[in-house]
1. Which of 181, 217, 105 ends up with the largest GNM mean-square fluctuation for the chain, with Cα atoms connected below 10 Å?
2. Please work out the ratio of the alpha-carbon Rg of segment 176-225 to 2.2 N^0.38 Å and round it to two decimals.
3. Could you work out the helix-only [θ] at 222 nm for the chain, with each DSSP H run of four or more residues adding -39,500 (n - 2.57) and the total divided by the number of residues, to the nearest 500 deg cm²/dmol?
4. What do you get for the angle between helix 89-100 and the principal long axis of the chain? Use alpha-carbon atoms, 0 to 90 degrees, nearest ten.
5. Running a GNM on the chain with Cα contacts under 10 Å, which residue among 153, 77, 26 ends up with the highest mean-square fluctuation?
6. Can you work out the FRET efficiency for the pair residue 187 and residue 61, with r the C-beta to C-beta distance and R0 = 51 Å, to the nearest 0.05?
7. List 136, 32, 230 from most exposed to least, where exposure is judged by having the fewest other Cβ atoms within 10 Å.
8. Relative to the longest principal Cα axis of the chain, at what angle does helix 168-187 sit, 0 to 90 degrees, rounded to 10?
Amino acid sequence: MPRLKDTLSRLRRKRGIPDGVWTKCPSCEEIVYSKELEAKLKVCPKCNYHFRLTWQERLEQLVEPDSFQQIDTELLPTDPLNFVDLKNYSDRLKEAQEKTGLQEAIVTGIGNIGPHRVVIGIMDFSFLGGSMGSVVGEKITRALELAMREKLPVVMVCASGGARMQEGILSLMQMAKTSAAVGKLHEAGLPYITVLTDPTTGGVSASFAYLGDIIIAEPKALIGFAGPRVIEKTIGQKLPEGFQRAEFVYKHGLLDIVVKRKDLKDTLIKILNLLTK
């Protein structure tokens, strides 16, 4: 595959076509004009595949221009266990920060979705698979506490492979911490809406992601705890078609609604209209 990619790149240069003009859909494998893909909010016009978004792209699609104020930017991850696998965890963090321009796998703040002032958190899968370490858990908890102080609803956009193994038990503790903070938000009677995107798995799905008053998912998003391959190997059985995809999860009662990306903002506004009354 890398050789094919290199060959295509050489052909584009030979024909005077710059890289990035065309994008190959990983679902239907059709070649899509990149500008058309951008205009359709990064949804494949051929098969409706929803490409993964960066936090900036998600913010632009959901939040009113110039209304977002980021919070807790001073919180930075550390390497409390001096963890080493194929490389030092501290090196992994540095590489992820340089690659994405992010300090961590989530950005939190206050902004407007339509007429509604909300606390919003947006996870970015490109930062170490959106994994939940100590800082991610702390930023989510602080965002929920801010919502309680300001009496604002919360929208949490989730995209994660789960807990961050390089932080061990400290990462797993974030499941309890964020869940407790959501519980306090519920007691305060403030709306909490979660949007599950591809993928939302592991410790994130097992904690704050699945505690929403309303749980929304994008089409075909992978949603679950363990991955399908792990489950198949564990139980020794073939899983049903579409297992752990948003439509399957919705059919079995674990979601409230599956919403296309183009309709997501309007859907959030309608829900906020109802819940904030």
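1. The residue with the greatest mean-square fluctuation here is 181.
2. So the Cα radius of gyration is 1.14 times the expected 2.2 N^0.38 Å.
3. -12000 deg cm²/dmol
4. The helix 89-100 is inclined about 70 degrees to the chain.
5. Sorting by GNM fluctuation, first place goes to 26.
6. With a Förster radius of 51 Å, E is 0.95.
7. In increasing order of surrounding Cβ atoms, one gets 230, 32, 136.
8. 50
Every number in this text was worked out from the coordinates using simple rules, so none of it is lab data. No experiment lies behind these values; they were computed from the predicted model shown. Here the Cβ is made from the backbone with ideal geometry for all residues, glycine too, and neighbour counts use every protein chain on show.
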